[in-house]
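J.: My questions all concern the structure below.
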Amino acid sequence: MTRILIADDHEVVRSGLRSILEAQPRWAVVGEACDGKEAVSKALETQPDVVLLDHSMPIINGTEATRQIRARLPRTEVLIFTMHQNDTLIQGIQLAGASGFLLKSDAKRHLIRAIESLAMHKPYFTESVSSSGDMAKVANQSPLTNRERSVVQLIAEGCTNKQIANVLSISPKTVETHRAAIMRKLALSSSASLVRYAVRNGILTA
């Protein structure tokens, strides 16, 4: 039996995915989550074989949720499911430990195949995704680490240092250090400019 966790902030999407997945023999949806933090806690609770995870999630995004899930459940595979595609995002989720990337526009044709691949611990990436070599080149050009991108998202969502520390399980002092490094790397001087950066680079959806 392949056990699957669905994480998406839209109930109608979760419902549709559940119907498709539970129609497959020997597949079971063991839980649903509506934000990134809940996705991590539900994964720890249910220990699924595959997590189908929307990247643009509230509280923590798909990259950070993937990192936390894979760190604690190395046998659980993560399939990122999103409307957005860029090489930096894809490389980021790979570095976090995701083994699959599926565009929502490709779901009708490829969702079942993607889940089957990950259930067998084989990677699956949407056909239009660049080669791993090209993505590695882009990642080397990206100024922010995965953790810094998570901090950027939470800052852009209006979280305080204390709230960010609680979500990411780090100290407020470490958050301050990340914030200073981010502003220096990006040559930004205000929270408003950081929000604009987050939207432009797909860290925060407008």
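The values are calculated or read from the model by the stated rules, or taken from the named source; none is laboratory data. Bear in mind that the values here come from a model prediction, so they are computed numbers and not experimental data. Virtual Cβ from ideal backbone geometry, glycine too; neighbours counted across all protein chains shown.
J.: I'm checking my understanding of the structure. Among residues of the range 165-206 that are β-branched (Val, Ile, Thr) and outside any helix (DSSP H, G or I), which one is farthest from Thr63 (Cα to Cα)?
T.: Top of the filtered list is Ile170.
J.: Moving on to the next point. For Leu168, indicate whether it is at pLDDT 85 or above, buried (at least 16 other Cβ atoms within 10 Å of the Cβ) and not polar (S, T, N, Q). Please lay out each step first, then the result.
T.: Working: at pLDDT 85 or above: yes; buried (at least 16 other Cβ atoms within 10 Å of the Cβ): yes; not polar (S, T, N, Q): yes.
Considered against the rule, which asks whether it is at pLDDT 85 or above, buried (at least 16 other Cβ atoms within 10 Å of the Cβ) and not polar (S, T, N, Q), Leu168 comes out as yes.
J.: A further question on this structure: Please find, within the range 21-78, the residue that is nearest to the chain's Cα centre (by Cα) out of those that are charged (D, E, K, R) and either in a loop (DSSP other than H, G, I, E, B) or farther than 29 Å from Glu157 by Cα (or both).
T.: Asp35
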